[in-house]
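Asker: To start, I am sharing the structure in question, which I have written as structure tokens.
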Amino acid sequence: MTASKTESAWAEGIGIFAGAALLTVGLFQFLEGVAAAAKDDVFVRTTNYVFEFDLTTWGWIHIVLGIIVAIVGGAILAGQGWALVAGIVLAILSALMNFVWLPYYPFWAILIIAFDIAVIWALSTMLGTRRH
């Protein structure tokens, strides 16, 4: 009986971490998007980069993704079951998008990728404890 209580406590703690981390990632994405969309000269432009888009376009992509990620983070904190899988999918998408964003702002992109990896681990762990 105590093993299930311990398991439940871990799952709840991991869920709170994952929700808070997704809210943080969403906020970071949003701020990154606002900086790119508002003023194109904030970021260094890389020549001959494969994924070269207009920074305003990148900014709007980051703004939209940031809002969606933050909403899913809030849904995880509210205990919505659907948000666990949605959070994993969005964290993977966010990590891939920030990998492409690396030449524009490497430190920030790596920071967000690290948060995304932590979220994927946390949500995967939480899903695993729910199925047992």
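The values are calculated or read from the model by the stated rules, or taken from the named source; none is laboratory data. Quick caveat: nothing in here was measured; it's all calculated off a predicted structure. FYI the Cβ positions are ideal-geometry reconstructions off the backbone, even for glycines, and counts take in every protein chain you see.
Asker: Scan segment 76-92 for residues that are more than 12 Å from the chain's Cα centre (by Cα), assigned to a helix (DSSP H, G or I) and surrounded by fewer than 14 Cβ atoms within 10 Å (Cβ to Cβ) and report the count. Walk me through it before giving the result.
Answerer: Of the residues in segment 76-92, the ones more than 12 Å from the chain's Cα centre (by Cα) are 76-85.
Checking which are assigned to a helix (DSSP H, G or I) leaves us with 76-77, 82-85.
Filter once more, so that each one left must be surrounded by fewer than 14 Cβ atoms within 10 Å (Cβ to Cβ): 82, 85.
The total comes to 2.
Asker: On to the next question. Based on what the data block shows, is ILE68 modelled with pLDDT of 85 or more and either within 21 Å of GLU12 (Cα to Cα) or surrounded by fewer than 20 Cβ atoms within 10 Å (Cβ to Cβ) (or both)? Please lay out each step first, then the result.
Answerer: Values: modelled with pLDDT of 85 or more: yes; either within 21 Å of GLU12 (Cα to Cα) or surrounded by fewer than 20 Cβ atoms within 10 Å (Cβ to Cβ) (or both): yes.
Here the answer is yes, as ILE68 does meet what is asked.
Asker: Determine, yes or no, whether GLU52 is assigned to a loop (DSSP other than H, G, I, E, B), over 11 Å from VAL69 (Cα atoms) and either of a type in the set (Val, Ile, Thr) or at pLDDT below 85 (or both).
Answerer: Details: assigned to a loop (DSSP other than H, G, I, E, B): yes; over 11 Å from VAL69 (Cα atoms): yes; either of a type in the set (Val, Ile, Thr) or at pLDDT below 85 (or both): yes.
Judged against the criteria, GLU52 is a match.
Condition check ((1) at pLDDT 90 or above; (2) more than 15 Å from ALA21 (Cβ to Cβ); (3) hydrophobic (A, V, I, L, M, F, W, C)) across all residues:
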{"position": "ALA91", "(1), (2), (3)": "yes, no, yes"}
{"position": "TRP101", "(1), (2), (3)": "no, yes, yes"}
{"position": "TYR105", "(1), (2), (3)": "no, yes, no"}
{"position": "ALA114", "(1), (2), (3)": "yes, no, yes"}
{"position": "ILE120", "(1), (2), (3)": "yes, no, yes"}
{"position": "LEU127", "(1), (2), (3)": "no, yes, yes"}
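Asker: Under 6 Å between Cβ atoms, which residue pairs at least 6 apart in sequence (or on different chains) link something in segment 93-120 that is surrounded by fewer than 21 Cβ atoms within 10 Å (Cβ to Cβ) with a partner that is in a helix (DSSP H, G or I) and aromatic (Phe, Trp, Tyr)?
Answerer: Taking only residues 6 or more apart or on different chains, the pairs are ALA109/TRP101.
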